[in-house]
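Structure record follows, encoded as structure tokens.
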């Protein structure tokens, strides 16, 4: 018997060598090995002691273990590595392998029942520009028609942000100080997390994967679900690891190759679209988006009723019996009110007991009014129709009667003069935005911002957010000839209507020009839209410095979005410096990729 | 090198992007949604929740109803899990008379006519959600009695 088994092993080993399987793309996908070293740091994932750096040794060890499995339960190699087994059986025609009973894996397969999958992207939420970098995970759909019953496979750093301070957290995240772990949860839990708690719209991108491919994805998920790897925020992060899963299901799509040095989550969806791996898109509005839709249907008086009912300041019975109001308005008011009660509870403004009582009362009243009209929630522009993260900028113009050219590069991500198709309006986040100018015999760094975040969140009937702006880095917009390091912070308010938005901010800043100089100022801005592709930005700033000088700045630009990743603009900038003025008129060409 | 530069560029963002701590408040009754931990308003404004760093997430295919009162009439594990986790959303949708959660429940209970199901639930809201303290088991059993 043992002679027969070992002969088998050698046959398979030789055939695998003949077919050069250890060099094959798929074996490397299964090992998460981009070239010579696996990204999985857990030794338990490898059967050979050198398996993490030696694909051949790991292949041999896997073949031997599959043939010689002595343990036949969940701990069998075949049960721990079902994706490897499935592939090797196919490639090598392996027969008469030991019969194993994979109880845990079979239970998972039965419950998840994988048929199809989507990449899910929760978009930015209000007043958090950093969230536009976002997160992606895969939703695994089952035989159920309802997507709520799908499962979400999610990869995250295993860190407790409540016990670690932000800076430690950031540095550890960068250098790989946390383990990354997979989790599998019902999709309705993720909906609650993003749609309800974080108020983020959810976009779902259906992947072109069939049932057989999905089964292989789940087999592979099982192989890695209990392993650990160091988590790197910018490379081996949540979104990047989803690419391995997709490639394990369908090796003909090449997604990882789109990324060399950083993986910004939404960029993984752009890559999937480029590979033709996305077949359909769906939008799932956040609670906030739903409430904004109610706003459109309610007048000021009705908005007051929403709040009064949500806070038990108005008697529900009296409200229901009010003959002045039509039934549909009453329905909308009660519906919006129930959302607000939840909002108050999530914000910690009311206790669970108060929440339950108020919700129960309002919903009882609402149910008595019959079906009514569904609220129509407008679908925003798909984030995947937005421009890509990296911007190259070339500009030509005139500054004080002299010709001047500019070159700029910005690794990420978006500013408020860029086209905001696919982005949350009034939201900006820039890292290391560089702009160089070349005039007559004069080369200058115009701008080298480290980070520049803007959140202009409009005030609505329901929501009263504060707008703010933070900027630190080097620029030339101060009372000095040269480029100086500056930091400023602004806070204020934003209002919007159908044609655009306006903002008023108070500003505090400092910069170093031999001595530390501080200033305060006021900013007023206006952004107007002319259809999808045109927008106008106007901004005026008045500052007073502790040195006694004051300064006026003004900028105006007209932007035209020519294509998803190509824009042109024409701009005028005025900067007052002591008794001099700088006027710059320029034409800009931006290319995103 | 490229990698390093980009990484450094984003340090600043991350330090401000204190990822949201989220406490999952699971239960069997109303109020089982995920509560945001907004201990600091400033951090809240800046946080990214980029990667949803939740230490408490599991590879969970096990039942989330172990701590709940048992149903008397409805024996359907998936339906129990679903209702326990979606008590609030379901209450809202039943009151309004339509919605994805109601459709999902219809599918789980193998109800053919979803429209009629949603209408029946709406007109019986007060006998399903009989009080503010109802639990999953009450809701499912009450629905089965309609």
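Values quoted throughout were computed directly from the atomic coordinates according to the rules given, and no laboratory measurement underlies them. Being a predicted model, the structure only gives us computed values, none of them experimental. Backbone-built Cβ (ideal geometry, glycine too); neighbour counts: all protein chains shown.
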If each part is reduced to its alpha-carbon centroid, segment A:87-119 and segment A:512-557 end up apart, in Å, by 62 Å
Taking only the alpha-carbon atoms of the protein assembly as shown, the convex hull volume per residue, in cubic angstrom, is 178 Å³
For residue A:578 and residue A:328, extending 7 Å from Cα along the Cα-Cβ vector and measuring point to point gives, in nm, a value of 6.7 nm
Length gained if residue A:143 through residue A:394 is fully extended, taking 0.36 nm per residue and subtracting the Cα-Cα distance, is 85.2 nm
Applying the gyration tensor rule to the Cα atoms of segment A:287-367 (axes a ≥ b ≥ c; rounded if a/c under 1.5, else prolate if a/b exceeds b/c, else oblate), the class is oblate
Ordered by fewest other Cβ atoms within 10 Å, a rough proxy for footprinting exposure, A:459, A:331 read A:459, A:331
If the label point sits 7 Å along Cα→Cβ of residue A:520, residues of segment A:534-550 with amide N under 19 Å come out as A:541-550
Quotient of Cα radius of gyration and Kirkwood radius for segment A:111-284, i.e. Rg/Rh, equals 0.94
Taking r as the C-beta separation of residue A:352 and residue B:76 and R0 as 45 Å, the FRET efficiency to the nearest 0.05 is 0.95
Pseudo-spin-label distance residue A:179 to residue A:464, built 7 Å along Cα→Cβ, given in nm, is 4.7 nm
Per-residue ellipticity at 222 nm attributable to helices in chain A (runs of n ≥ 4 DSSP H, -39500 (n - 2.57) apiece, nearest 500 deg cm²/dmol) works out to -9000 deg cm²/dmol
Listed with the fewest Cβ neighbours within 10 Å leading, A:238, B:28 appear as B:28, A:238
Checked segment A:386-592 with the C-alpha gyration tensor, a ≥ b ≥ c its square-rooted eigenvalues, rounded below a/c of 1.5, otherwise prolate if a/b is larger than b/c and oblate if not; verdict oblate
The FRET efficiency for residue A:529 and residue A:443, from their Cβ-Cβ distance with R0 = 30 Å and rounded to 0.05, is 0.25
Fewest to most Cβ atoms within 10 Å: B:92, A:250, B:70 sort as B:70, A:250, B:92
In nanometres, the difference between 0.36 nm per residue of separation and the alpha-carbon distance of residue A:344 and residue A:587 is 82.7 nm
To the nearest 0.05, the calculated FRET efficiency linking residue A:513 and residue A:257 through their beta-carbon distance, R0 being 51 Å, is 0.60
Between residue A:371 and residue B:100, the two model label points (7 Å from Cα along the beta-carbon direction) sit apart by a distance in nm of 2.1 nm
The rounded separation in angstrom of the Cα centers of segment B:89-107 and segment A:200-276 is 32 Å
A student applying the Cα gyration tensor rule (rounded when a/c is under 1.5; otherwise prolate if a/b is larger than b/c, oblate if not) would label segment A:34-186 oblate
